[in-house]
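J.: Would you mind keeping the following structure in view while I ask a few things?
Read-outs: derived from the displayed coordinates by stated rules, not from any lab. Predicted, not measured: the structure shown is a model, and the values here were computed from it. All Cβ positions, even for glycine, are placed from backbone atoms using ideal geometry, and neighbour counts span all protein chains on display.
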Amino acid sequence: MDKKQKLLNLIDKAGRGSIEAAEAIAEGYFKGEFGDPNPEKAKKWASYAAKHGSENAQKILNQL
């Protein structure tokens, strides 16, 4: 599976309420797994996941 398809699958899962998927998207944007690192998008997804209890997403936010 390519990066774009992986991202689309994660967005689909996050849209259905998966906090783990939102966390994975945030981490992917933070680390540049979907292309260049994108702090703005990482912050958006990490904020959503952290708001729903994700400790890993909160750690990403702390690093942004």
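J.: Mind listing whichever residues of the stretch 34-64 are in a loop (DSSP other than H, G, I, E, B) and charged (D, E, K, R)? Show your work before the answer.
T.: Here is the first cut: in the stretch 34-64, the ones in a loop (DSSP other than H, G, I, E, B) are 34-38, 52-54, 64.
Once the filter is applied, which keeps residues that are in a loop (DSSP other than H, G, I, E, B) and charged (D, E, K, R), the stretch 34-64 yields only ASP36.
J.: Could I ask something else about it? Mind checking which pairs have a first residue in the stretch 18-35 that is surrounded by fewer than 16 Cβ atoms within 10 Å (Cβ to Cβ) and a second that is among the hydroxyl-bearing types (Ser, Thr, Tyr), Cβ under 7 Å, 6 or more apart or different chains?
T.: Listed by first residue and then by second, the contacts come to nothing, as the list is empty.
J.: Would the stretch 20-28 turn up any residue that is assigned to a helix (DSSP H, G or I) and touching a Pro at 6+ places or on another chain (Cβ under 8 Å)? First the steps, then the outcome.
T.: Going through the stretch 20-28, the residues assigned to a helix (DSSP H, G or I) turn out to be 20-28.
Still in the list and also touching a Pro at 6+ places or on another chain (Cβ under 8 Å): none.
No.
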